[in-house]
1. Tell me the per residue accessible area of segment 1-57 using a 1.4 Å probe; a whole number in Å² is fine.
2. Between their Cα atoms, which of Lys36/Lys69; Lys20/Lys72; Lys44/Lys72 are more than 24 Å away from each other?
3. So, taking all protein chains as they sit and a 1.4 Å probe, how much accessible area belongs to Arg87, in Å² rounded to tens?
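The values are calculated or read from the model by the stated rules, or taken from the named source; none is laboratory data. Just so we're clear, the structure is a prediction, and the values are computed from it rather than from any experiment. To get the accessible areas, we keep the full protein, side chains included, count just its heavy atoms, and leave off ligands, DNA and RNA. Shrake-Rupley method; radii C 1.70, N 1.55, O 1.52, S 1.80 Å.
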Amino acid sequence: DSSGTFVQLRVSLVQTSCSKRAQRRHNCRLLESRRKPVCLACYKFDRSDVSKVLDKYHNCGPSHHLAAKEIKHRDEAECRAVEEAGRAGDGFYLPGMFAFSKGLPP
(Lines give C-alpha, C1' and ligand atoms only; values in the text may rest on other atoms or scores of the structure.)
Protein backbone atom coordinates (compact mmCIF):
# COMPACT_ATOMS: atom_id res chain seq x y z
CA ASP A 1 0.00 0.00 0.00
CA SER A 2 1.57 3.26 -1.12
CA SER A 3 -0.10 5.24 1.68
CA GLY A 4 1.62 3.40 4.52
CA THR A 5 2.07 0.21 6.49
CA PHE A 6 -0.94 -1.47 8.11
CA VAL A 7 -0.38 -3.70 11.16
CA GLN A 8 -3.03 -5.83 12.87
CA LEU A 9 -2.36 -7.71 16.10
CA ARG A 10 -4.74 -10.08 17.92
CA VAL A 11 -3.80 -11.30 21.41
CA SER A 12 -5.66 -13.72 23.68
CA LEU A 13 -5.04 -13.08 27.38
CA VAL A 14 -5.38 -15.56 30.25
CA GLN A 15 -5.37 -14.82 33.98
CA THR A 16 -2.80 -16.58 36.15
CA SER A 17 -2.35 -17.28 39.84
CA CYS A 18 0.75 -15.04 40.10
CA SER A 19 0.61 -11.47 41.30
CA LYS A 20 1.81 -8.66 39.02
CA ARG A 21 4.88 -8.20 41.21
CA ALA A 22 5.94 -11.86 41.13
CA GLN A 23 9.56 -12.30 40.07
CA ARG A 24 9.10 -15.70 38.43
CA ARG A 25 6.10 -15.26 36.18
CA HIS A 26 6.99 -18.19 33.91
CA ASN A 27 5.92 -20.70 36.63
CA CYS A 28 2.40 -19.29 37.06
CA ARG A 29 -0.61 -21.59 36.98
CA LEU A 30 -3.39 -20.65 34.52
CA LEU A 31 -6.81 -19.94 36.04
CA GLU A 32 -9.13 -21.75 33.63
CA SER A 33 -12.41 -20.49 35.06
CA ARG A 34 -11.48 -16.80 34.74
CA ARG A 35 -11.87 -14.16 32.06
CA LYS A 36 -10.09 -14.71 28.75
CA PRO A 37 -10.27 -11.40 26.92
CA VAL A 38 -9.24 -11.11 23.28
CA CYS A 39 -7.48 -7.88 22.33
CA LEU A 40 -7.26 -6.45 18.84
CA ALA A 41 -5.00 -3.59 17.80
CA CYS A 42 -4.75 -2.02 14.34
CA TYR A 43 -2.28 0.67 13.32
CA LYS A 44 -1.52 2.47 10.07
CA PHE A 45 1.96 4.01 9.86
CA ASP A 46 3.00 6.71 7.38
CA ARG A 47 5.21 5.28 4.65
CA SER A 48 7.58 8.26 4.60
CA ASP A 49 7.75 8.72 8.40
CA VAL A 50 7.30 5.39 10.22
CA SER A 51 7.03 7.11 13.61
CA LYS A 52 3.90 8.95 12.39
CA VAL A 53 0.68 7.03 13.07
CA LEU A 54 -2.00 7.85 10.49
CA ASP A 55 -4.76 6.04 12.38
CA LYS A 56 -5.17 3.46 15.13
CA TYR A 57 -7.77 1.32 16.88
CA HIS A 58 -7.51 -1.00 19.88
CA ASN A 59 -10.06 -2.87 21.94
CA CYS A 60 -10.12 -5.75 24.43
CA GLY A 61 -13.33 -7.67 24.79
CA PRO A 62 -14.58 -10.88 26.37
CA SER A 63 -14.27 -13.98 24.20
CA HIS A 64 -17.09 -15.85 25.94
CA HIS A 65 -19.70 -13.10 26.04
CA LEU A 66 -22.92 -13.42 24.01
CA ALA A 67 -22.11 -10.18 22.18
CA ALA A 68 -18.65 -11.43 21.13
CA LYS A 69 -19.77 -11.78 17.48
CA GLU A 70 -21.05 -8.20 17.43
CA ILE A 71 -17.82 -6.96 19.01
CA LYS A 72 -15.80 -8.92 16.44
CA HIS A 73 -17.77 -7.41 13.53
CA ARG A 74 -17.31 -3.90 14.94
CA ASP A 75 -13.58 -4.51 15.46
CA GLU A 76 -13.19 -5.75 11.88
CA ALA A 77 -14.99 -2.66 10.53
CA GLU A 78 -12.85 -0.33 12.63
CA CYS A 79 -9.65 -2.06 11.45
CA ARG A 80 -10.75 -1.77 7.80
CA ALA A 81 -11.22 1.98 8.36
CA VAL A 82 -7.72 2.20 9.87
CA GLU A 83 -6.30 0.30 6.89
CA GLU A 84 -7.87 2.83 4.50
CA ALA A 85 -6.29 5.82 6.30
CA GLY A 86 -4.00 7.92 4.14
CA ARG A 87 -5.24 6.53 0.81
CA ALA A 88 -6.46 8.73 -2.02
CA GLY A 89 -9.67 10.45 -1.06
CA ASP A 90 -8.58 11.06 2.54
CA GLY A 91 -7.24 14.46 1.48
CA PHE A 92 -10.69 16.01 1.47
CA TYR A 93 -11.92 18.20 4.29
CA LEU A 94 -14.54 16.58 6.48
CA PRO A 95 -16.67 18.63 8.91
CA GLY A 96 -15.11 18.62 12.36
CA MET A 97 -11.67 17.56 11.10
CA PHE A 98 -10.07 20.91 11.91
CA ALA A 99 -10.84 23.64 14.43
CA PHE A 100 -9.61 27.20 14.15
CA SER A 101 -9.71 30.08 16.56
CA LYS A 102 -9.60 33.74 15.54
CA GLY A 103 -8.37 36.27 18.06
CA LEU A 104 -10.01 39.63 18.60
CA PRO A 105 -8.31 42.62 16.89
CA PRO A 106 -5.92 44.59 19.17
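1. Normalised by residue count, the accessible surface of segment 1-57 is 81 Å².
2. Long pairs (Cα-Cα over 24 Å): Lys20/Lys72.
3. Probe radius 1.4 Å; accessible area of Arg87 about 80 Å².
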